[in-house]
Each structure stands twice: as C-alpha cells, then as structure tokens.
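The values are calculated or read from the model by the stated rules, or taken from the named source; none is laboratory data. Every value quoted in this text rests on a predicted model; they were computed, and no experiment measured them. So basically every Cβ, Gly included, is an ideal-geometry build from the backbone, and we count neighbours across all protein chains shown.
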Amino acid sequence: MAHAILSASSSKRWLSCPPSARLERKFPDKAGEAAREGTLAHALAEIGIKHWLGELSDAAAKKQRAQIEADDLYNPDMADYVQEYVDICIEKITAAAGTALVEEKLNFGRWVKDGFGTGDMVIIGNGVLEIVDLKYGKGVPVSAESNTQMQLYALGAIDQYGYIYDFDHVRMSIFQPRNGGLSTQLMSVAELLAWGKSIKPIAELAYEGKGEFKAGDHCRFCRAAAQCKALSEYNMEIAKLEFRDADLLTDDEVSFVLEHVDGLVRYAEKIKTFALEEALNGHRWPGFKVVEGRSNRKITDEAAAAKILRGAGYSDDAIYKPLEIQTITALEKLITKKKFGELLGSVVEKPPGKPTLVPEEDKRPEYDPVQSEFEVMEEDNNE
C-alpha cells in the first residue's frame with residue numbers, strides 16, 4: 001500500500017512543521033529492522049484475532065503462523081507479546097458485543113487531503129467506537145493521550161461509520177507491550193470534529209509544502225533532519241547554553257538543556273551518519289577525509305589455533321576461557337521471558353539502578369536515597 005503524503009503516523013511532525021511533509025519526501029525511507037519487526041508483529045496479531053473471530057480456518061492460521069515463525073526476526077517472545085494484545089482485543093470485542101474490524105483502512109480525507117491509514121482494530125458497540133493500535137517498538141514510549149495519529153484515525157472512523165452505527169464517543173487505545181503497556185483516551189465525536197476543523201488549514205499548508213519550518217521533538221524521525229536548517233539553528237541555540245560554564249546557568253536554563261540535550265545528541269549522530277554516507281559516495285567535506293576505522297585482530301580458525309597451541313605445549317585450560325553462563329537476554333531468548341521467570345526467578349536479582357535525571361512525567365517513582373540505602377542494608381542483614 002502506498003503511503004499518504006500526510007500520513008497519520010507522521011502527523012505530529014507535519015502539524016508542528018507543515019513544510020516537512022514535502023521536504024522529507026526528497027530523502028529515501030530507510031526502514032530499519034525495528035520497522036520490519038513491527039510489521040511482523042502486526043501480521044501475527046492479525047492472524048490471532050481473525051482466527052478467533054472465525055475469519056481464518058485452523059489450517060490457514062497455522063500455515064500463516066509458520067511463515068512468520070520462519071522469519072529471522074521472529075522469536076518466541078514476540079508471540080507472547082502479541083498474544084497480550086490479542087487478548088486485550090478479544091476482551092474489548094466481547095464487552096462491546098458489536099462489530100469488530102481488523103486492519104481496517106480509515107480515510108480521513110475530509111480533513112487531510114488524500115489522508116488515510118490503517119486501524120489495527122476497530123470495535124463498535126454500546127454507543128462507543130474504539131480503535132486499538134499495537135505499537136511493538138520498545139525504544140520510544142507512545143501514549144494515546146493527545147495522540148494525533150489516533151485522532152486522525154478516529155475522524156476517519158467517524159466519517160465511515162457515523163451514518164451506519166450509533167455512537168457519540170470514540171475511545172483510542174494504544175498497547176505497547178515492551179514499553180508502557182496500555183494507554184487510552186476517550187473523546188466525544190463533537191470534540192473530534194472540532195479538532196478536525198482546527199487542523200484542516202494546517203493540513204492544507206502541509207500538503208502544498210508551505211508554512212513555517214519549526215524544529216522540536218517532533219523532528220526525531222524526520223528523514224530531512226540531517227540537512228534541515230531550522231533544526232540546525234534550533235540545536236545550535238541549545239548548544240550555546242550547553243557549552244557555557246554550568247555554574248553560570250540559571251536553574252531554568254539547566255532544565256532547558258536537560259530537556260533538549262538527548263535530541264541534540266541524536267541530531268549530531270544523524271549529521272555524522274549523513275556526512276559519512278555522502279563521503280563514501282564521493283562527496284568531499286572541507287577539512288575532512290574518510291579513513292579506515294580502528295579494528296581488533298581476530299582468530300579466523302579457532303580449532304586450528306588451539307591445535308597449534310597444544311603442539312607448543314599449552315594445555316586446554318590455558319587456551320580456552322572458563323565455561324560461563326549465557327547473558328540474561330540470551331537465556332530469555334532461548335527459553336522465553338515467561339519460562340525464564342518460572343525457572344530462574346529465585347536466582348536472579350535486579351539491583352537498584354544508578355540515579356538519573358528524567359522529565360517529571362516519567363512513570364517511575366522518584367528516587368529516595370534514604371529508602372534505597374535502607375533496602376541495601378536490609379538485604380545485607382538477610383544474607
């Protein structure tokens with residue numbers, strides 16, 4: 001399926017920076033492993049729900065699951081995470097006792113020219129239309145609160161089903177099994193229609209590639225980020241503060257730098273990646289050249305190396321590393337997270353993490369040095 005110029009998934013960006021929608025189309029879409037993994041998880045979820053709904057036979061579901069399990073990105077944990085999503089959807093479908101639509105195309109073109117997207121799960125019943133979205137990524141938490149992607153999907157659903165079904169509210173739910181779990185936002189149809197009306201002029205500017213460039217956290221996944229002048233100027237303003245003596249910054253300035261420094265680091269990495277790719281393609285950057293990076297020596301034939309060392313009089317104890325257990329991540333991948341907890345929960349501990357500064361909206365409880373010290377002392381006394 002072709003991607004819309006003004007896609008729902010990138011709406012936070014083009015609503016904040018209208019010209020970016022056209023600008024980033026000049027750059028290739030380098031969908032990475034995470035995107036492929038997400039596509040695989042969605043396909044697995046679709047099989048699970050359609051099988052439960054009776055839209056897929058046992059044989060068809062088994063065959064399609066086998067194809068997914070043959071993919072090199074598949075692992076048993078994916079099946080467990082996706083099943084959590086499937087179970088949530090089944091619970092919601094059962095409670096609604098109405099209509100359930102899987103991977104439904106939603107057209108919100110009344111508000112955004114050529115705008116469409118896919119609702120992972122659309123459920124209608126009890127006077128409410130609900131859209132449930134699976135987010136398989138684990139890097140960036142995604143909340144349903146004030147989520148423009150979900151609100152555009154909601155507008156599309158209102159436009160398509162508002163004349164057929166009786167509902168006056170739309171519930172938008174996002175399930176992110178590996179980062180944050182379930183979040184939900186409920187809005188009335190009237191609220192959503194008013195919001196749709198308010199963004200329509202911005203969408204028109206974005207479609208034409210007009211408007212003002214505006215940098216911010218919405219630039220994170222923009223394909224034009226490495227060459228965007230507005231983002232460069234934005235980050236340089238932050239850098240001016242960062243490079244000053246911290247003792248001379250006000251509290252508000254320190255908070256401002258803390259809020260934006262991660263974005264500045266990501267921006268710097270984007271610039272470095274872009275510049276290297278261009279240099280490898282023959283572009284010359286003033287004052288820079290491409291060289292071979294540092295590398296480590298490696299043994300190409302371990303069996304042959306061991307044989308040579310034995311012949312030189314060295315024992316296997318001296319040649320080989322002592323036997324050591326696999327990492328927790330590797331063991332979880334081997335036996336699945338669920339079995340790992342069942343089998344090894346009694347011999348695994350998670351020590352307190354190193355204190356770190358995060359925004360106030362972070363869900364973790366605030367660090368209490370007194371409580372942390374007390375817990376460490378209590379553990380020592382129990383040994």
query: Is it the case that region 51-58 has a residue that's of a type outside the set (Phe, Trp, Tyr) and in contact (Cβ under 8 Å) with a residue 24 or more places away in the chain?
result: yes
message: Looking at region 328-356 only, could you name the residues that are among the charged types (D, E, K, R), outside any loop (DSSP other than H, G, I, E, B) and over 26 Å from the mean Cα position of the chain (by Cα)?
response: GLU342
message: Checking PHE256 against (1) out of contact with any Cys (no Cβ under 8 Å at 6 or more places or on another chain); (2) in a loop (DSSP other than H, G, I, E, B), only one condition comes out false. Which one?
response: (2)
statement: Across (1) in contact with a Leu (Cβ under 9 Å, 6 or more places away or on another chain); (2) of a type in the set (A, V, I, L, M); (3) more than 30 Å from LEU344 (Cβ to Cβ), VAL291 clears everything bar (1)
statement: Of (1) in a loop (DSSP other than H, G, I, E, B); (2) out of contact with any helix residue (DSSP H, G or I) (no Cβ under 8 Å at 6 or more places or on another chain); (3) among the hydrophobic types (A, V, I, L, M, F, W, C), ILE325 fails just (2)
Condition met for ILE271 (touching a His at 6+ places or on another chain (Cβ under 9 Å) and surrounded by 12 or more Cβ atoms within 10 Å (Cβ to Cβ)): no
Among the residues listed as GLY311, GLY293, the single one being surrounded by fewer than 10 Cβ atoms within 10 Å (Cβ to Cβ) and either in contact (Cβ under 8 Å) with a residue 60 or more places away in the chain or within 30 Å of PHE221 (Cβ to Cβ) (or both): GLY293
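Each row is one residue, and each column tells you yes or no for (1) surrounded by 15 or more Cβ atoms within 10 Å (Cβ to Cβ); (2) at pLDDT 95 or above; (3) in the same structural domain as HIS42 (by TED's automatic domain parsing); (4) not in a strand (DSSP E or B).
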| residue | (1), (2), (3), (4) |
| --- | --- |
| CYS89 | yes, yes, yes, yes |
| VAL102 | yes, yes, yes, no |
| TRP111 | yes, yes, yes, yes |
| VAL140 | no, no, yes, yes |
| LEU155 | yes, yes, yes, yes |
| ASP166 | no, no, yes, yes |
| MET172 | yes, yes, yes, no |
| ASN179 | no, no, yes, yes |
